[in-house]
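Accompanying notes for the structure given below.
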């Protein structure tokens, strides 16, 4: 059953839904700047962006890919697998960032200990 909106209680059309969401995203963009977020992401937001975000977040939260695919209305699970590939790339990038931070901390600690040998003794061999 379509959502009812307006004084007449008429169903909200696809164009009406899009207009309401675009107005919402414009307001969100203004608020984003206040809290230090990139307002351009909200200005460019669309119903397609919302759908993409829904599927991506579902996969992040552990929803099986078959379920996410069905909920998104994808004709093929191959389409949904694109989102899981993007998520894997995001995780790899996050882990690489963590590794750099850990190595920087180890180096800083080694400098305070005054020995590069401390690093060699502290780090397990990685091949």
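Observations
- Virtual spin-label span in nm between residue 19 and residue 48, 7 Å along Cα→Cβ: 2.2
- Sorted ascending by nearby beta carbons within 10 Å, beginning with the fewest, 17, 10 become 10, 17.
- Directionally averaged shadow of the stretch 3-94, computed from the convex hull of its alpha-carbon atoms, nm²: 8.0
FYI, it's all coordinate maths here, none of it is from the lab. These numbers were taken from a predicted model, which means no experiment stands behind them. Please note: Cβ atoms are built from the backbone with ideal geometry, for glycine as well, and neighbour counts cover all protein chains shown.
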